[in-house]
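Undergrad: Dropping a structure here in structure tokens format, bear with me for questions.
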Amino acid sequence: MIADPAHKVLVIDDELGPRESIRFLLKGTYEVLCAESVDEGVALMREEHPDLVIMDIRMPRKSGIDGLREIREHDKLVSVVMLTGYGALETAQEALRLGATDYLSKPFDTNEMLAAVKRYVERTCIERRRVGMLEDLQQVNSRLVNDLASKEEQATMAQSTAEIAHDMRNPLMIVSGYVELLTNQLEEAKDDLGGRLGSTSDYLEVIGQNVRRCCELSHMWQKYGKATLTEFGPTALSDVIEDIVMGAAPLAASEDVDINYDMQPGDAVINGNRPQLLRAIHNVIANAIQAVSPPDGHVQVSCEKAEYTVNIVVDDNGSGIKAEVLEHIFEPYYTTKEDGKGTGLGMAITKRIIEEHHGQLLFDTRPDEGTKVTIQLPLETAAAVPSAA
Ligand SMILES: Nc1ncnc2c1ncn2[C@@H]1O[C@H](COP(=O)(O)OP(=O)(O)OP(=O)(O)O)[C@@H](O)[C@H]1O
Ligand SMILES: [Mg+2]
């Protein structure tokens with residue numbers, strides 16, 4: 001290693017003569033810092049982090065041995081060379097036991113001093129690099145261990161999800177079959193029942209649609225278990241919207257909330273996955289419905305095609321979201337709802353789905369006034385639009 005003036009050598013000696021001769025010898029090659037006492041030297045150490053300390057053993061008040069102890073408390077890696085007078089061999093050996101790197105006799109030989117400084121500055125640098133690399137390695141290792149643990153957890157979760165989805169499928173198929181049967185029977189009996197039919201067939205249609213949605217979700221979860229990514233394809237927003245409206249209506253009715261739609265998706269087509277999108281949008285609407293209170297509770301859902309995006313906006317005049325809630329809103333299982341009312345998974349799922357669609361989820365909220373959530377999704381053709389757009 002070539003000596004570098006950026007390398008610092010700290011000399012601690014109460015005698016001016018040796019202190020100045022070391023400074024003179026090393027200046028130009030190293031940055032030399034000098035201290036007259038242990039206390040002054042230790043204070044300089046903390047500020048300057050030298051690469052080598054040269055310290056006299058015999059000093060009034062605190063000796064070099066005391067200094068060595070204090071230095072080692074602060075820095076285990078820096079090389080420390082002790083300067084000893086004649087006949088102080090025992091003290092020098094004690095210094096080595098306490099962690100000194102070497103000792104030189106006073107008066108010192110200049111060549112010996114230069115060689116020692118070069119060697120021990122280099123030793124400190126190597127030690128510091130070694131420990132730094134070891135720490136980096138430990139960090140990488142613990143990250144790997146954590147990643148592995150979370151991968152295993154994900155794999156177990158994926159398998160459980162697939163099994164639940166699989167078990168749900170059969171009863172869902174049965175419900176779906178009976179809904180179809182009922183729809184057909186109702187159709188046949190329509191003339192006989194006349195006015196008594198009321199909204200029954202509409203209700204049945206909503207049930208049928210939601211059962212089909214459950215079947216699609218169950219199919220998707222089974223795939224998730226096999227670690228296959230969601231299948232994406234051209235998805236017309238106008239088709240999705242019909243299902244959104246149908247899905248939200250019973251929830252709004254059960255909570256006695258007034259919900260309005262202003263859907264103008266035009267011919268907006270996105271590259272997406274329909275059941276996933278329905279999940280994402282439904283979660284936002286469900287939150288809005290649950291945030292407002294009757295009789296003035298109101299939710300407005302709108303959809304508009306812009307130049308490169310389609311924007312779905314869910315606006316409510318509910319409780320609004322406090323900053324401390326908003327901070328955690330995407331954390332799985334974070335909920336402010338009472339037990340049994342919310343799992344806290346809604347926004348975590350929605351965020352993941354919207355990101356998978358390369359979209360954005362934006363919150364504009366005022367506590368006690370309401371919340372406006374915008375789901376912004378890129379149009380299928382937007383991918384071909386120049387990036388300056
Ligand atoms: N429109 C909103 N108005 C007020 N608070 C909201 C709104 N949307 C979300 N929140 C707050 O964010 C929290 C987290 O929402 P998230 O949808 O993730 O879970 P949840 O609704 O509590 O439960 P889940 O959706 O699983 O039934 C909610 O508990 C609620 O405090
Ligand atoms: Mg929710």
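Read-outs: derived from the displayed coordinates by stated rules, not from any lab. Being a predicted model, the structure only gives us computed values, none of them experimental. In this analysis, Cβ positions are derived from the backbone assuming ideal geometry, glycine residues included, and neighbour counts consider all displayed protein chains.
Undergrad: Quick check: net charge around Arg366, other residues with Cβ under 12 Å of its Cβ, Lys/Arg +1 and Asp/Glu -1? Please report the intermediate quantities before stating the final value.
TA: Working: positive: Lys322, Lys372; negative: Asp315, Asp316, Asp364, Asp368, Glu369.
Around Arg366, the surrounding residues sum to -3.
Undergrad: Something else: Quick one: which of 323-333, 274-284, 288-298 comes out on top by average Cβ neighbours within 10 Å, and what's the full order, highest first? Intermediate results must be reported in sequence, preceding the final value.
TA: Numbers: 323-333: 12.8, 274-284: 22.0, 288-298: 17.3.
Top to bottom by mean Cβ count within 10 Å: 274-284, 288-298, 323-333.
Undergrad: Once you have the Kirkwood Rh of region 8-108 from its Cα pairs, apply Stokes-Einstein at 4 °C and 1.567 mPa s and quote D in µm²/s. Walk me through the numbers before you get to the answer.
TA: Numbers: Rh = 13.2 Å.
Value of D from the Cα-based Kirkwood radius: 98 µm²/s.
Undergrad: Using the Cα atoms of region 194-344, I'd like the radius of gyration and the largest Cα-Cα distance, Dmax, both in angstrom.
TA: 17.0, 55
Undergrad: Next question, about the same structure. Report, in degrees rounded to the nearest 10, the 0 to 90 angle that the Cα long axis of helix 110-193 makes with the longest principal axis of the chain.
TA: The two axes meet at around 10 degrees.
Undergrad: Of all DSSP beta bridges in the chain, what percent run antiparallel (nearest 5)? Please list the in-between numbers first.
TA: Values: 26 of 52 bridges.
Expressed as a percentage, antiparallel bridges in the chain total about 50.
Undergrad: If neighbour count is taken as other Cβ atoms inside 10 Å, put Ile12, Ile241 in order from fewest to most. Show your work: numbers first, answer last.
TA: Details: Ile12 28, Ile241 20.
Listed from fewest to most nearby Cβ atoms, that is Ile241, Ile12.
Undergrad: Would you mind computing, in nm to one decimal, how far apart the modelled labels at Leu197 and Ser142 are, each placed 7 Å from Cα along Cα→Cβ?
TA: 6.9
Undergrad: Oh, and also: Between Leu98 and Lys151, how high is the FRET efficiency from 1/(1 + (r/R0)^6) when r is the Cβ-Cβ distance and R₀ = 51 Å? Nearest 0.05. Write out the running numbers ahead of the final one.
TA: Working: r = 47 Å, r/R0 = 0.93.
E between Leu98 and Lys151, to the nearest 0.05, is 0.60.
Undergrad: Just to confirm the number: angle between the C-alpha axis of helix 200-225 and the first principal axis of the chain, 0 to 90 degrees, nearest 10?
TA: Helix 200-225 sits at roughly 30 degrees to that axis.
Undergrad: While we're on this one: For Asp364 and Leu77, FRET efficiency with R0 = 45 Å and r from the beta-carbon atoms, rounded to 0.05? Don't jump to the answer; show the numbers that get you there.
TA: Values: r = 53 Å, r/R0 = 1.18.
My answer for the efficiency is 0.25.
Undergrad: List the relative contact order of the chain as a percent without decimals, with contacts defined as Cα pairs under 8 Å and 6+ residues apart.
TA: Details: 567 pairs, mean separation 36.1, N = 389.
Once divided by the residue count of the chain, the mean separation gives 9 percent.
Undergrad: Describe numerically, in nm with one decimal, the distance between label points set 7 Å from Cα along Cα→Cβ at Arg169 and at Asp258.
TA: Each label point lies 7 Å from its Cα, and together they span 4.5 nm.
Undergrad: Shifting gears a bit: So what are the three principal axis dimensions of the chain from its Cα atoms, in whole Å, longest to shortest?
TA: Over the chain, Cα extents along the principal axes are 123, 46, 42 Å.
Undergrad: For Lys337 and Glu188 in one chain, what is 0.36 nm times their gap in residues minus the Cα-Cα distance, to one decimal in nm? Walk me through the intermediate numbers first.
TA: Details: separation 149, 0.36 × 149 = 53.64 nm, distance 4.50 nm.
The span from Lys337 to Glu188 would gain 49.1 nm if fully extended.
Undergrad: In addition: Run the dipole for region 8-108 about the Cα centre, Lys and Arg Cβ at +1, Asp and Glu Cβ at -1, nothing else charged, and hand back the magnitude in debye, nearest 20.
TA: Values: 13 positive and 19 negative charges, 37 e Å.
It works out to roughly 180 debye.
Undergrad: A further question on this structure: Show me 58-64, 371-377 ranked by packing, highest mean number of other Cβ atoms within 10 Å first. Let's see the in-between values first.
TA: On the way: 58-64: 16.9, 371-377: 20.6.
Packing order, densest peptide first, comes out as 371-377, 58-64.
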